[in-house]
Amino acid sequence: MKTLEELRKIREKAQQEMKLRSASHRIKVVVGMGTSGIAMGAREVMKVLLQEISQRQLTDVLVTQTGEKGLSSLEPVVDIIEEGKPVVTYGNVTPENARKIVAEHIVNGKVVSDFVVAAENK
Amino acid sequence: MQDLSLHILDIVENSVRAQARNIWINIELNIMRNSLIIRIKDDGTGMDQDTLVKVHDPFYTTKTERVKKVGLGIPLFKQNAENSQGNFRITSELGKGTEITAEFRYDHIDRLPLGKISDTLLAGIIGHPNTDYFIHLKRIKLDGEVLEFIFSTPDIKDVLGVVPLTYPDVIDYLEDVIQSGIKKIKMEEYQ
């Protein structure tokens, strides 16, 4: 098990890094975590997203969650929000699809059109 | 819901929607008394008595985003507790918060498995980094020995300072600490 000492080291490393870039996040990833989302596997999708982001050291990506969005039949639902771009909503996201979305959309900037259910300007 | 950890996450989401700043999650497994108790408490907006009665109704929801008006979270959790000869209690006070207690007969054949408690805690903590969590998991063994896992986010935030909980290495750290803590007291069951 990791110790608080290790957490202190992480803090030092993170603070060094935060000095080099602005504090804002380039991309916000929002997982729909209402009752139906949870029942359909949203928690597993969130877990995969967190793992991918931590493994790839994507310090400018923020994963967060929201409640029901009225898309029950399309759960789990994931929104990718990027400044100056339309919000892309992925539906029926599986853990494998989530990995693909990180690799192609978040890292390479290419929307994975197969899983998109909506895209809108906000 | 396939397991109790998903119910816990569902209730935590309710608490966050009710603007809770602090959420207390207690799970107590008492082998000697054959009981499993899950208690989730928050300091969110709370509910008045009328609303409190309505939450047991599957056709009641406060979620306005939906066309379909169903709110199955609490009725399903209650049903799952009662299916295992347990009981379910929800108390709430407007402006103070809400407390949910679900008790299960541990060895009942219809008791849902605990599931991945660590995934639920991680999702809650990282998904709502501004909410503080106080986790207390306890297993009382047949011989009376008590095994515990106690974890709270303010302790972590104290060490981290300005570094957010959502920083990649911190996510990794939290996952490790929570997983190994839960493993030590065997508070997870898989299907």
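Values quoted throughout were computed directly from the atomic coordinates according to the rules given, and no laboratory measurement underlies them. This is a predicted model, so every value here is computed, not measured. A quick note on method: Cβ atoms are made from the backbone with ideal geometry, for glycine too, and the neighbour counts reach across all protein chains shown.
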Problem set entry | Computed magnitude of the charge dipole of chain A (debye, nearest 20; Cβ of K, R +1, Cβ of D, E -1) | 460 debye
Exercise. Does chain A come out rounded, prolate or oblate, given a ≥ b ≥ c as the square roots of the eigenvalues of its C-alpha gyration tensor, rounded meaning a/c under 1.5 and, failing that, prolate meaning a/b above b/c?
Worked result: prolate
Exercise. Farthest toward the dipole's positive end in the stretch B:1-145, which of B:Asn87, B:Asn130, B:Tyr60, given Cβ charges of +1 (Lys, Arg) and -1 (Asp, Glu) about the Cα centre?
Worked result: B:Tyr60
Problem set entry | trypsin sites (Lys or Arg not before Pro) within the stretch B:34-64: DSSP coil, no more than 11 neighbouring Cβ in 10 Å | none
Exercise. Restricting the count to DSSP beta bridges whose residues both fall in chain A, what percent are antiparallel, rounded to a multiple of 5?
Worked result: 65 percent
Exercise. If you take the square roots of the eigenvalues of the alpha-carbon gyration tensor of the stretch B:97-191 and sort them as a ≥ b ≥ c, do you get rounded (a/c under 1.5), prolate (a/b over b/c) or oblate?
Worked result: prolate
Exercise. What angle, in degrees between 0 and 90 and rounded to the nearest 10, separates the Cα long axis of helix A:4-20 from the longest principal axis of the Cα atoms of chain A?
Worked result: 80 degrees
For this session: Rounded to the nearest 0.05, what FRET efficiency do B:Val146 and A:Lys19 give with R0 = 51 Å and r taken as the Cβ-Cβ distance? Could you check?
Result: 0.65
For this session: Once you've got the Cα coordinates, tell me which of A:Lys69/B:Lys116; A:Lys28/B:Lys54; A:Lys69/B:Lys78 are over 28 Å apart.
Result: A:Lys28/B:Lys54
For this session: Any chance you could run the full-extension gain for B:Arg21 through B:Val53? It's 0.36 nm times the residue separation minus the Cα-Cα distance, nm to one decimal.
Result: 9.1 nm
For this session: Could you give the size of the charge dipole of chain B about its Cα centre, using +1 on the Cβ of each K and R and -1 on the Cβ of each D and E, expressed in debye and rounded to the nearest 20?
Result: 440 debye
For this session: Please label the shape of chain B as rounded, prolate or oblate, based on the square roots a ≥ b ≥ c of the eigenvalues of the alpha-carbon gyration tensor (a/c under 1.5 means rounded; beyond that, a/b larger than b/c means prolate, else oblate).
Result: oblate
Exercise. Considering only A:Val48, A:Phe115, A:Ser73, whose Cα is most displaced toward the positive end of the charge dipole of chain A, charges sitting on Cβ of Lys, Arg (+1) and Asp, Glu (-1)?
Worked result: A:Val48
For this session: Please report A:Glu5, A:Glu82 as a ranked list, fewest other C-beta atoms within 10 angstrom at the top and most at the bottom.
Result: A:Glu5, A:Glu82
Exercise. Any idea what the dipole of the stretch A:1-72 comes to, in debye rounded to 20, about its Cα centre with Lys/Arg Cβ at +1 and Asp/Glu Cβ at -1?
Worked result: 220 debye
Problem set entry | Rounded tilt (10° steps) of A:42-55 against the dominant C-alpha axis of chain A | 40 degrees
